[in-house]
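Beneath this line is the structure, given in structure tokens, with notes to follow.
The values are calculated or read from the model by the stated rules, or taken from the named source; none is laboratory data. Keep in mind the model is a prediction, meaning the values are calculated, not measured. Note that each Cβ is placed from the backbone with ideal geometry, even for glycine, and that neighbours are counted across all protein chains shown.
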Amino acid sequence: MEITLLFLAVLFGSMSIGIPIAIALLVSGVALMWQLDFFNTQLLAQNLQAGFDSFPLLAVPFFVLAGELMNAGGLSQRIIDMARTFVGHIPGGLGYVTIFASVLLASMSGSAIADTAALATILLPMMRQQNYPLDYSSGLLASGGIIGPIIPPSLPFIIYGVTTNTSISKLFISGVVPGILMGGALLIAWRLVARRRNLPAAQRTTPAQRRKAIADSTWAIFMPVIILGGIRFGVFTPTEAAVVAAVYAFLVSRFIYKALSWKAAYEVLVTSSITTAVVMFLCGAATVAAYMITLADLPNQLAALFQPILAHPKLFMTCMVIFLLLVGTSMDLTPIILIFAPVCLPLALKAHIDPIYFGFMFVFTGCLGLITPPVGTVLNVVGGVGGVRMEAVVKGVAPFLLVYVLLLVLLVAFPQIVTAPVRWLG
């Protein structure tokens, strides 16, 4: 237990003084090496390199690139325009547009930050112009953005699958039904907000305008069909699907919509490269820490600690959810996966919990941390893009966070919501 406390003390102590998470993970791994009298710089370098020398992880840069190309090349804009022509005339219609666009964009990029930035950039000025309450509007945009990591393709599922050696394809399938339920939960919450605030409605569009919007967005809508259909029917792996998505997004943006200049394409490549470098360095640093965690036998030490509740799967799952919710208030999703997933999954297996179900719940609970203060990465994205004070965004996200927590309780109580579709479609 002393080694566990040492690891956590060094990790969180390093983070508390402003050291980047990747460096903090390396420092924690080195601390365990010293404690175990096992320090070896060559071993340190080998594990660091092994962390990002992975074929499945190639999906990360290509899905990141696909998401950036969608935003720069007009695919995101057309998805939002199509949703606006169908539901914009309902009172509070821009909120419904946000929800439907969130679900559609989630099936293309798999990144909460990319989806949120696209939605906030386009929709928040419209909401401000129509006198929507900025707090609830910002909260809805942030809440819709975190559907991105749940509906496939999902970058967090890829990272979780690589980190824990879990089937990425099955993790993708596990997110389909809960992702749709997240959209339904937001619809209910926004309907209550719209009624109470008596929000305005836009002018109803004509059938011709709707047909035009569908025609304009056809190429964009076809993208998730290719990705999910190809994975489901074994045409390509999730990693290969990422390459297909990036190439498809580029071709449509550049040669069909003609909204992507060569200069913009270069900027997209630079942005995607920076994001990829950050994620890959995190993966390498986490591999060092995970290697030392395994040598120090921390999973078995924690198993002994949790032994009294391992015989009660739902109680164990409840404890895990509460733990991840607390951790999510101070850490981003990717570090949570890299640090805690390799330690927690063996405990879940000892509690006889389905590994795909546990992986989904791990990522879903971690996603809630993206809209939970004080860190709340997605909250910061909305506030930064829209120029909204953090206090207002936190207040506005509260009702939507509440319905997500209720959905989380439902998923803990009824695991079949996640596991049944995996059995049917896997």
Out of A259, A245, sole residue that is surrounded by fewer than 16 Cβ atoms within 10 Å (Cβ to Cβ), of a type outside the set (D, E, K, R) and either at positive phi or in contact (Cβ under 8 Å) with a residue 12 or more places away in the chain (or both):
A259
The condition from (1) outside any helix (DSSP H, G or I); (2) surrounded by 15 or more Cβ atoms within 10 Å (Cβ to Cβ) that E240 misses is numbered (1)
Selection within the range 265-296 - under 16 Å from Q46 (Cβ atoms), over 18 Å from the mean Cα position of the chain (by Cα) and not aromatic (F, W, Y)
G284, A285, A286, T287, V288, A289, A290, M292, T294, L295
Determine whether L32 is in contact with a Phe, Trp or Tyr (Cβ under 9 Å, 6 or more places away or on another chain), in a helix (DSSP H, G or I), at pLDDT below 85 and over 30 Å from G183 (Cβ atoms).
yes
Would you pick out the residues in the range 33-46 that are under 30 Å from the mean Cα position of the chain (by Cα) and surrounded by 16 or more Cβ atoms within 10 Å (Cβ to Cβ)?
L44
Please verify whether the range 337-353 includes one or more residues that are among the β-branched types (V, I, T) and farther than 27 Å from A22 by Cα.
yes
Of the residues T419, T365, only one is of a type outside the set (D, E, K, R), in a helix (DSSP H, G or I), touching a residue at least 24 places away in the same chain (Cβ under 8 Å) and under 17 Å from I322 (Cβ atoms); which?
T365
Note on the range 220-279: residues closer than 30 Å to I21 by Cα and polar (S, T, N, Q) are T239, T271, S272, S273, T275, T276
For S273, all conditions in the list (1) farther than 30 Å from S137 by Cβ; (2) surrounded by fewer than 15 Cβ atoms within 10 Å (Cβ to Cβ); (3) without any contact (Cβ under 8 Å) to a residue 40 or more places away in the chain hold save one; what is the number of the exception?
(3)
For P238, state whether it is closer than 30 Å to G366 by Cβ, in contact with a helix residue (DSSP H, G or I) (Cβ under 9 Å, 6 or more places away or on another chain) and at pLDDT below 90.
yes
Looking only at the range 118-134, filter to residues that are part of a helix (DSSP H, G or I) and touching a Leu at 6+ places or on another chain (Cβ under 7 Å); which one of those is surrounded by the fewest Cβ atoms within 10 Å (Cβ to Cβ)?
R128
If you check G359, G383, G396, G387, which single one turns out to be free of Cβ contacts under 8 Å to residues at least 12 places away in the same chain, small (G, A, S) and more than 22 Å from F12 (Cα to Cα)?
G387
Looking at the range 188-201, which of its residues are surrounded by 15 or more Cβ atoms within 10 Å (Cβ to Cβ), among the hydrophobic types (A, V, I, L, M, F, W, C) and part of a helix (DSSP H, G or I)?
A189, W190, V193, A194
Can you find even one residue in the range 325-342 that is closer than 30 Å to G74 by Cβ and part of a loop (DSSP other than H, G, I, E, B)?
yes
Every residue from the range 285-300 that is surrounded by 15 or more Cβ atoms within 10 Å (Cβ to Cβ) and either in a helix (DSSP H, G or I) or without any contact (Cβ under 8 Å) to a residue 12 or more places away in the chain (or both)
A285, A286, T287, V288, A289, A290, Y291, M292, I293, L298, P299
Candidate set from the range 368-394 (those that are surrounded by fewer than 16 Cβ atoms within 10 Å (Cβ to Cβ) and assigned to a helix (DSSP H, G or I)); member that is farthest from the chain's Cα centre (by Cα):
E391
